[in-house]
Amino acid sequence: MDLSKLVMNSFKYPFRNIKKLPILCLLFVFIAIIPIGLIANNNYVTAIGVIAFFLFILTVPGYFLSMVKLGSNQSSMLPSFNLVNNIYDSIRVLFLRIVYMIVPTTLLLIALFVFGPATRNLINNLRIIEFLATVGFVFVLILIVYFIFEFLLFFAKARLAYFNSLSEALNIKKVIRDIKNIGIVNIIKWLIVMAILLNAITFISSFVMSIPYVGFLIYGCIVIPIIESIANYSLGLLYSNIAKNY
């Protein structure tokens, strides 16, 4: 599937299943309960919001994984909500993220341990330029490593969705092979186009936040779910270009 068709189908996706879209929007209502409780200064509502937030964490990542899977099979259906399957998939997605973030986190801890005392001495001795250079170098290094593994995680998630196998998603060699098969240039073009379009939608739709009382609710429960649906389905469609080879 070429880029233009991929992007077009991705943006049409949430609206092709308009009857099921409220289910997704309802899930995002969960995360709005806490701020509502805080604004209303109601401890009971806030407590319910905390429970709802954990329910959100346990269901929504898995639901979005289903969208990636449907995209990888080039299906235009919106997934049905299944509490057990969604929780199971959410746990796998969260575990996948934890595993892929081990290296960046470890690097951060090592950097703090190794460079922490040195940077403290530089500050104490007023060696500001050396301090900034050291901190800047460490920050850039950690940021690069983080983005590399975040990039790998993107396609590990696609493998998890398509193969329905955590071991397949944790196989970094196969993830890298998938990236090569899709093509770095194609991925970069896809990332740029999707980033521009999604950020444009985010910016334009953010004006609903100015609506008194309900603005943040509309944005959080309607706009964000639609944006996330587009992004996840788009990842699935991108992966579908090589999925047919398996």
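Filtering the range 211-246 to residues that are more than 20 Å from SER72 (Cβ to Cβ) and either assigned to a loop (DSSP other than H, G, I, E, B) or more than 16 Å from the chain's Cα centre (by Cα) (or both) leaves ILE211, PRO212, TYR213, VAL214, GLY215, PHE216, LEU217, ILE218, TYR219, CYS221, ILE222. Say we look at the range 86-104 and pick out the residues that are in contact with a Phe, Trp or Tyr (Cβ under 9 Å, 6 or more places away or on another chain) and part of a helix (DSSP H, G or I); which of these is nearest to LEU235 (Cα to Cα)? The residue in question is VAL93.
For the range 52-66, the criterion of being of a type in the set (Val, Ile, Thr) and either modelled with pLDDT under 75 or more than 18 Å from VAL84 (Cβ to Cβ) (or both) is satisfied by no residue at all.
For (1) surrounded by 13 or more Cβ atoms within 10 Å (Cβ to Cβ); (2) closer than 22 Å to GLU228 by Cα; (3) free of Cβ contacts under 8 Å to residues at least 60 places away in the same chain, each residue gets a yes or a no:
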| residue | (1), (2), (3) |
| --- | --- |
| GLY37 | yes, no, yes |
| TYR44 | no, no, yes |
| PHE53 | yes, yes, yes |
| PHE56 | yes, yes, yes |
| THR59 | yes, yes, yes |
| LEU65 | yes, yes, no |
| VAL68 | yes, yes, no |
| GLN74 | yes, yes, no |
| VAL84 | no, yes, yes |
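Set side by side, the residues LEU235, LEU170, LEU217 differ, and just one is closer than 25 Å to PHE53 by Cα and among the aliphatic types (A, V, I, L, M), which is LEU217.
Of the residues in the range 107-130, at least one is touching an Asp or Glu at 6+ places or on another chain (Cβ under 8 Å), crowded, with 18+ Cβ neighbours inside 10 Å and not acidic (Asp, Glu).
The values are calculated or read from the model by the stated rules, or taken from the named source; none is laboratory data. Here the structure is a predicted model, which is why all the values come from computation and not from measurement. Here Cβ is always computed from backbone atoms with ideal geometry, including for glycine, and neighbour counts include all displayed protein chains.
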